[in-house]
Ligand code: GRF
């Protein structure tokens, strides 16, 4: 089976990367992770990628004149590895116009809330403080805004009266690890079609 080529961009722990990587190694997976890029030298996710033998690169913003300069380097790496889909997994930077244009409709992100509720940082804390009964996670295509691109898939998670930010984060994270690989498989099966703000999920 021809496998889709995925790059993961991360800034931190890398648990979503690990879940995606593990899924990609299953016999029936239709994609493989060819590249990991981080903006943080000390990101544990980068060390995990190296341990798994995935080509990885660190591009700290301080080493570049500006975001455009850093993203030009990202584009060079993506093209060199013939990447077809970019998956943001805890990547703590907005994507700029050049990368967005070159990979239009081919960049995804996972967010730990049911968007459009609670975009941005500390989504789980926002959900607990707001007192919602249901939260969850969202995989969406990336646009120039903050967690604002077309929604592909969501998984609801119940918020308990006893929850704090940590307990809710953990319950949501378990679902993130299931949802993201599923969406990547759908992408490479040709099942995702962007129509304006909607993403239609169907058979190819
Ligand atoms: C996840 O909660 C993800 O939804 C958010 O950042 C966190 C990354 O966690 N965008 P990890 O690095 O994948 O463990």
Of the residues 90, 149, 136, 120, which single one is under 18 Å from residue 8 (Cβ atoms) and not assigned by TED's automatic domain parsing to the domain that holds residue 3? 149
Which numbered condition in (1) farther than 27 Å from residue 42 by Cβ; (2) out of contact with any strand residue (DSSP E or B) (no Cβ under 8 Å at 6 or more places or on another chain); (3) surrounded by fewer than 14 Cβ atoms within 10 Å (Cβ to Cβ) is the only one that residue 163 fails? (3)
Check every one of the strands (runs of 3 or more DSSP E) wholly within region 1-115 and list those with 3 or more residues that are under 27 Å from residue 148 (Cβ atoms). 4-10, 31-38, 85-88, 107-111
The strands (runs of 3 or more DSSP E) lying wholly within region 137-204 that contain at least 2 residues that are under 18 Å from residue 86 (Cα atoms) and under 18 Å from the mean Cα position of the chain (by Cα) are 151-158, 192-195
Quick one: would you say residue 192 is more than 11 Å from the ligand (Cβ to nearest atom), under 30 Å from residue 68 (Cα atoms) and modelled with pLDDT of 95 or more? yes
I'm trying to understand the selection: among the residues of region 95-105, which are surrounded by fewer than 16 Cβ atoms within 10 Å (Cβ to Cβ) and either out of contact with any helix residue (DSSP H, G or I) (no Cβ under 7 Å at 6 or more places or on another chain) or more than 14 Å from residue 73 (Cβ to Cβ) (or both)? 97, 101, 104
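The values are calculated or read from the model by the stated rules, or taken from the named source; none is laboratory data. Predicted model only: the values in this text are computed from it and were never measured. Quick reminder, even Gly has a Cβ in these numbers, built from the backbone with ideal geometry, and neighbours come from all protein chains shown.
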